[in-house]
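Notes for the one structure printed next.
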Amino acid sequence: MATNAAPTAPVCSAPMKATSNGAFQKENPLDFALPLLIVQIILVVSFTRLLAFLLRPLRQPRVIAEIIGGILLGPSALGRYQNFLDIIFPKKSMTVLDTLANIGLLYFLFLVGLELDIRAIRRTGTNSLIIAVAGISLPFILGIGASVVLRSTVNKGVSNIVFLVFMGVALSITAFPVLARILAELKLLTTDVGRIAMSAAAVNDVVAWILLALAIALSGSDSSYLVSVWVLLCGTAFIVFSIFVLKPILSVMARRSPEGEPVKELYICITLSIVLAAGLITDIIGIHALFGAFVVGIIIPKDGPFAGVLIEKIEDLVSGLFLPLYFASSGLKTNVATIEGSQSWGLLVLVIFTACFGKIVGTVVLAMLFKVPFIEALALGVLMNTKGLVELIVLNIGKDRKVLNDQTFAILVLMALFTTFITTPIVMAVYKPARKGKPYKNRKIQRQDLDSELRVLACFHSTRNIPTLINLIESSRGTRKKGQLCIYAMHLMELSERSSAISMIHKARKNGLPFWNKKPGDQNQMVIAFEAYQQLRSVVIRPMTAISPLNSIHEDICTSADRKRAALIIMPFHKHQRVDGTMESLGHSFHLVNQRVLRHAPCSVGILVDRGLGGTTQVVASEVSYSVVVPFFGSQDDREALAYGMRMAEHPGIKLTLLKFTPKPETALNPPKADMGAESKKDNEIFSEFLNLSKSSESVKHEAIAMGSREDVIAALRSMSNSTLFLVGRTSPAMPLSDRSSDCPELGHVGSYLASSDFSTTSSILVIQQYDPSINAMEKPLDDINEASNKTMSNGV
């Protein structure tokens, strides 16, 4: 007798519980959501950071490492081992992982909107606008042909219009954040190519989001175009609502957060909640939650500290932990193994060629029509072909909405990876802008023509350095009518992997790097301080900003000094004095910056140990009353220090004292210098100039000190420990003045002793190294200089 078997219902796995009871309860923590998520985060972050470190010598942006890391963790590499996927990335855990990754992405797009200044886009020149449109239009048009080929071969069964729009967007996008980092890494932001690329990429970014919104609206599951129209209308209504309702609310909170006061925690909470609410609304509309967050970021006022505090609060958590999860989630969907056979690989080559040809040719042709040289136009085209996170967002949305199948998705991900990877090496190969300025002769303070303009590049890290710098400038301006002082005040800012670094680049986008603060309404308090001083004195001060990684910011400093024909670079010491008088280091990276500048500088260099020269505020000219001491042992650096001191002595408020150390008859330099006679002659010449100055000025005097041991030197220096400022030659031929070895060889023996807390807590020190044209300062290693200096100093007096 036949029986009818009941149909078997599909068995669904039980949802994962959040936490386990522990291994001692015989439970596997990886079977529970929270422990497994922690393992996934640690693995993804560690793996991508390792890849970023390995790719650093190739000067690739971190997004490359994150895309490659996601692909390697997915079914293309490690994911080919099913046990690995079942343990680390089981299917039942993907909902939690994707949700957390998308929350991170939501806030990252909010950060992107915060960094995008619509006012800057409005100011974009016509040339950049047309180049941007060409860089979008031609790839979009060529994407039509590529979409026809892909749809007829590997991506069958989807709407022709929807697939065409997705392909056009994928091929025409330029990743603005990635492009900004590449330009900063290659030091191209100062060039015409960099300025045009940044302007065009900003325009491209906005257009890409509009096109993506259109693509999402068209890709709904309902085939009716009326639904797509409603989605677009509701999306437009949301933007209008954001501008006329949300923006005034955010503006009120921004106005109630003045400069110098902490932003209320309530305002931060309200803003972050508005981001989530906006994401919910756009998700309900059907154009993805990311758009709501992006729009909120755009409408937040960029003036004042409010936007900066928001970035500071969330950027590290979002960029460091959550965003790599999105790349991992994308990588788990990417299976390179689906690209098999000559047809699939041929399609990959076709897509890459179409993307590159459209972007590069479209940009090059339009750029050359605007009389941009071919090499610069070619570099611009390659830069505009940069892809990044927005590209992955487009592809993932397309895959989730069934517009792209696995094979097409893998092809487009590899296209994005390849086009971004080749950007840096190709630009480095084809475009090498001139780094050096025109040759000039006044590369040091000591010179024959005393009436020539003295140009100084004064660098600082923060507002803490500004009062001392301004007081030093005031003391150095002299009284000459012709030989004026020109100061380039350069703010050194570190370009990190943080999102907020892009907002700094936005400033550079308008004016180049280092950029000139020419905007009349610029409220940068550092610029205001220098401009206020400039209006009161006959000193030309030009504020600048250098934005670079600390391991290469010395290139910006030295290049700027060369282009501006500076005679002296003043660098802040890498340590600052605490309240108790001890010196605290700002970090080893800042220490290395000073050493690299000494090694590569095209002019003289001074390292300023700041102990509050003139106090913590700017001193007016009538109140300047400084005692300046120059210890003189006899060397080219000592002569440079004395030349600077003699210029300072022209100020009526400066009292200059020269301590001229001479060895006792029974003491001699050992080993003797081969050019001792020539050096002594030069020492005597500048000393004669000093004597002539002292005869005409009562505020200038000198003391001759005979010395036979370091105790004599220490005693003489200690007698002047109440002085305001010491001007010291870096390689003075003096013995070490301390039993402890110095960790600051760039200060020399005398400078190291004066900078120690044992000597004084009130005397600032400027350690000067004179530019020596006989030495190739651009190539000579600092260690060799220090070694030679130590050999000279070790047995000297």
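The values are calculated or read from the model by the stated rules, or taken from the named source; none is laboratory data. Not measured: the values here are computed from a predicted model. So basically every Cβ, Gly included, is an ideal-geometry build from the backbone, and we count neighbours across all protein chains shown. The accessibility values were calculated without ligands, DNA or RNA, using every heavy atom of the protein model including side chains. Shrake-Rupley method; radii C 1.70, N 1.55, O 1.52, S 1.80 Å.
Let's see how each residue does on (1) of a type outside the set (G, A, S); (2) under 24 Å from L404 (Cβ atoms):
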residue: C234; (1), (2): yes, no
residue: S257; (1), (2): no, no
residue: P262; (1), (2): yes, no
residue: I270; (1), (2): yes, no
residue: V295; (1), (2): yes, no
residue: I300; (1), (2): yes, no
residue: V309; (1), (2): yes, no
residue: G320; (1), (2): no, no
residue: Y326; (1), (2): yes, yes
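Residue-level check: of (1) under 20 Å from G79 (Cβ atoms); (2) in contact with a Cys (Cβ under 9 Å, 6 or more places away or on another chain), L412 misses just (2).
Residues in region 159-188 that are in a helix (DSSP H, G or I), surrounded by fewer than 24 Cβ atoms within 10 Å (Cβ to Cβ) and among the polar types (S, T, N, Q): N160 alone.
Residues are listed down the side, and each one gets a yes or a no for (1) assigned to a strand (DSSP E or B); (2) at pLDDT below 85; (3) out of contact with any strand residue (DSSP E or B) (no Cβ under 7 Å at 6 or more places or on another chain):
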site: S723; (1), (2), (3): no, no, no
site: L727; (1), (2), (3): yes, no, no
site: A734; (1), (2), (3): no, yes, yes
site: S752; (1), (2), (3): no, no, yes
site: D758; (1), (2), (3): no, yes, yes
site: I785; (1), (2), (3): no, yes, yes
site: V797; (1), (2), (3): no, yes, no
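For first residues located in region 441-469 and touching a residue at least 24 places away in the same chain (Cβ under 8 Å) and open to solvent by less than 10 Å² (accessible area, probe 1.4 Å), partners that are among the charged types (D, E, K, R) and not in a strand (DSSP E or B) and lie 6+ apart or on another chain with Cβ distances below 6 Å form the pairs T468/D610. Restricting G346, G304 to those that are open to solvent by 20 Å² or more (accessible area, probe 1.4 Å) and either hydroxyl-bearing (S, T, Y) or outside the structural domain of E115 (by the TED database) (or both) reduces the list to G304. The set of residues in region 625-647 being open to solvent by less than 10 Å² (accessible area, probe 1.4 Å), in contact with a Gly (Cβ under 7 Å, 6 or more places away or on another chain) and under 15 Å from S764 (Cβ atoms) consists of V628, V630, A641.
Residues considered: R455, R447. Of these, the only one that is more than 21 Å from the chain's Cα centre (by Cα) and under 28 Å from L189 (Cβ atoms) is R455.
Listed here are the residues, each with its yes/no results for (1) without any contact (Cβ under 8 Å) to a residue 60 or more places away in the chain; (2) closer than 30 Å to A410 by Cβ; (3) in contact with a Pro (Cβ under 9 Å, 6 or more places away or on another chain); (4) assigned by the TED database to the domain that holds D205.
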{"site": "I298", "(1), (2), (3), (4)": "no, no, no, no"}
{"site": "L332", "(1), (2), (3), (4)": "no, yes, yes, yes"}
{"site": "M368", "(1), (2), (3), (4)": "yes, no, no, yes"}
{"site": "F374", "(1), (2), (3), (4)": "yes, no, no, yes"}
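Condition check ((1) in contact with a strand residue (DSSP E or B) (Cβ under 7 Å, 6 or more places away or on another chain); (2) farther than 30 Å from M428 by Cα; (3) open to solvent by 30 Å² or more (accessible area, probe 1.4 Å); (4) at pLDDT below 90) across all residues:
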residue	(1), (2), (3), (4)
F89	no, yes, no, no
S93	no, yes, no, no
L100	no, yes, yes, no
G104	no, yes, no, no
R119	no, yes, yes, yes
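Open to solvent by 10 Å² or more (accessible area, probe 1.4 Å) and aromatic (F, W, Y), is that true of F374? Steps first, please.
Values: open to solvent by 10 Å² or more (accessible area, probe 1.4 Å): yes; aromatic (F, W, Y): yes.
So F374 passes the test.
For the structure I just gave you, tell me whether I360 is within 27 Å of V44 (Cα to Cα) and hydrophobic (A, V, I, L, M, F, W, C). Steps first, answer last, please.
On the way: within 27 Å of V44 (Cα to Cα): no; hydrophobic (A, V, I, L, M, F, W, C): yes.
When the stated conditions are applied, I360 does not pass them.
Only residues that are within 30 Å of R62 (Cα to Cα) and not small (G, A, S) were counted in region 420-463, giving 18. Close Cβ contacts (under 9 Å, 6 or more residues apart or on different chains) running from residues in region 380-392 that are basic (K, R) to residues that are in a loop (DSSP other than H, G, I, E, B) comprise K387/I173; K387/T174; K387/A175. Mind checking which residues of region 125-139 are farther than 11 Å from V203 by Cβ and open to solvent by 60 Å² or more (accessible area, probe 1.4 Å)? Across region 125-139, the qualifying residues are T126, N127. In summary, strands (runs of 3 or more DSSP E) completely within region 512-592 and bearing 1 or more residues that are more than 14 Å from Y488 (Cα to Cα), modelled with pLDDT under 80 and among the β-branched types (V, I, T) occur at 539-548. What are the residues in region 40-77 that are surrounded by fewer than 15 Cβ atoms within 10 Å (Cβ to Cβ) and farther than 22 Å from E185 by Cβ, if any? Hits for region 40-77 are I42, S46.
The residues listed here are I239, I268, I249, I243; of these, the one that is under 28 Å from the mean Cα position of the chain (by Cα), outside any loop (DSSP other than H, G, I, E, B) and not polar (S, T, N, Q) is I268. Of everything in region 269-287 that is open to solvent by 40 Å² or more (accessible area, probe 1.4 Å) and touching a helix residue (DSSP H, G or I) at 6+ places or on another chain (Cβ under 6 Å), the residue that is farthest from F244 (Cα to Cα) is D283.
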